[in-house]
1. If you average the C-alpha positions of the range 387-453 and of the range 1-61 separately, how far apart do those two centres end up, in angstrom?
2. Could you tell me what percent of the DSSP beta bridges with both partners in the chain are antiparallel, to the nearest 5?
3. Return the percentage of antiparallel bridges among DSSP beta bridges fully within the range 64-196, rounded to the nearest 5 %.
4. Just order 144-155, 47-58 by mean Cβ neighbour count inside 10 Å, highest at the front, would you?
5. Sort the following peptides by mean Cβ neighbour count (other Cβ atoms within 10 Å, averaged over residues), highest first: 120-132, 256-268.
6. Mind checking the dipole of the chain: about its Cα centre, +1 per Lys or Arg Cβ, -1 per Asp or Glu Cβ, Debye to the nearest 20?
7. Ordered by residue, what ³J(HN,Hα) values in Hz, to whole numbers, does the range 396-405 give under the Karplus form 6.51 cos²θ - 1.76 cosθ + 1.60, where θ = phi - 60° and Gly and Pro are x?
8. Could you work out the percent of alpha carbon pairs in the range 64-196 separated by over 23 Å, rounded to a whole number?
Amino acid sequence: MANAKQSATNYVNQVFETVKKRNPNEDEFLQAVSEIFHSLVPVFEKKAVYMEHNILERIVEPDRAISFRVPWVDDDGVIQVNRGYRIQFNNTIGPYKGGVRFHPSVNLSIVKFLGFEQIFKNSLTGLPIGGGKGGADFDPKGKSDVEIMRFCQSFMSELFKHIGPDKDVPAGDIGVGSREVGYLFGQYKKMRGQYEAGVLTGKGLNYGGSLARKEATGFGAVYFVKEMLQDQQDNFENKTVVVSGSGNVATYAMEKAKELGAKVVACSDSDGYIYDKNGINIDTVKQIKQVEEKRIKEYVNQHQDAEFISNSSAIWDIACDIALPCATQNELDKDAAKRLVENGVQAVGEGANMPCTADAIETFMNHGILFAPGKAANAGGVAVSALEMSQNSLRLSWDFKEVDDQLQKIMANIYKRCVNAATEYGHAGNLVMGANIAGFEKVADAMVEQGVV
Ligand code: NAP
């Protein structure tokens, strides 16, 4: 047994060293790989077959990484150039699936970390989807609608060569909502000369989108935390909740938490956070962010008791029972985690991808805080995207309740899979390990079955 543990540890360390050498300066990617690799030691201890097939070295290398120029003309007639990416990471259990992010911070490391995580997240949903991710270092803030359209068209003029309903199915992410998906879809259709609804998800309802897709990630994250609380004979009622971000995931996480009886007292954008002791008015947030496309600080103009603090990371100073980081990667560090613990936080659910740093997660674990990792907790979005693909194949659309009911079942099932995997491998209650292990095993088994490809 001691030997098995030693050889599993050696194997993981040795592959991680190779990954570090091969991917220098890719901090976010290495952070995501490190977390998953270290969760897998007990798996390799028990199942040497994965080492014999060298699954780690194979799974950590994307099938392909595409990078391309995106030229477009702004409203002043000036030619602009951005860089686009699509990482097709792993299609062992289905076509590549994962969103596209438009944000100035996008680079190869970020797209690779997101694509790598997506393999395991998609596997956890139980649906037939592989892992991929894309994006561009384009900043949609302050751009006119026509500039956004021109950018999306240029981006798709290259991307269309690489995607398809049975090949690679992008969706939205930060900076890419239904407007952008619409422009991307329009251009794809024009380039291909045929109607392939299933090539993108997060589409508008008029042309093949699914009801409940826009709500799915936020609702799903709350459903996951609800399962965690239920296991402790607890629920959302009368809980104080803090949610970071005020975009797609944050808005619908707030809405569902409120519907389940919680009081959401704060949310944020990258300029700062708002605190409303009476509970955030979600309609006001939607009006400001989705309709007027303004900054969250506008909220205080309409709610006298609310305050705006121009420091978004200080949102974690607020005492709460449940914290839902729903903005971006590494937004909650060790100090923030300590403050949350000191202030009595009970549960933390990652609506965003990798919002908590590794030492923040360790802090939560060491203090027995219920912790829902993003890979599992925010998988509701991609799960409903897969349901959108199913509806497109059937040329049918399901009603909101049908999709939402399926989402709830999927989230409950993901929770069970995480709990069971953690328990099976001797780490009961550690959902980080449970999510990584359960997501990994399905893909790894399928890789073994499919041979060296
Ligand atoms: P979004 O609609 O673009 O919203 C992102 C929000 O986060 C915006 O309010 C943004 O504010 C805010 N933000 C960015 N950086 C921040 C910071 N440092 N501090 C505070 N707020 C900050 O994006 P989204 O779709 O909600 O995605 C949010 C996260 O969820 C990402 O990690 C994404 O990968 C993950 N996710 C999304 C989905 C999905 O279905 N959309 C699915 C799974 C995971 P500004 O307006 O100031 O930029």
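1. The range 387-453 and the range 1-61 have Cα centres separated by 22 Å.
2. 55
3. Numbers: 18 of 27 bridges.
Bridges in the range 64-196 are about 65 percent antiparallel.
4. Numbers: 144-155: 18.9, 47-58: 16.5.
Top of the packing list down: 144-155, 47-58.
5. In descending order of packing, they fall as 120-132, 256-268.
6. So the dipole magnitude of the chain works out to roughly 1040 debye.
7. For the range 396-405, the Karplus curve yields 9, 10, 8, 7, 4, 5, 4, 5, 5, 4 Hz.
8. 29
Taken together, the values in this text are just the output of simple stated rules run on the coordinates, not laboratory data. Given the structure is predicted, the values throughout are model-derived calculations rather than measurements. Positions of Cβ are generated from backbone atoms using ideal geometry, with glycine treated the same way; all protein chains shown enter the neighbour counts.
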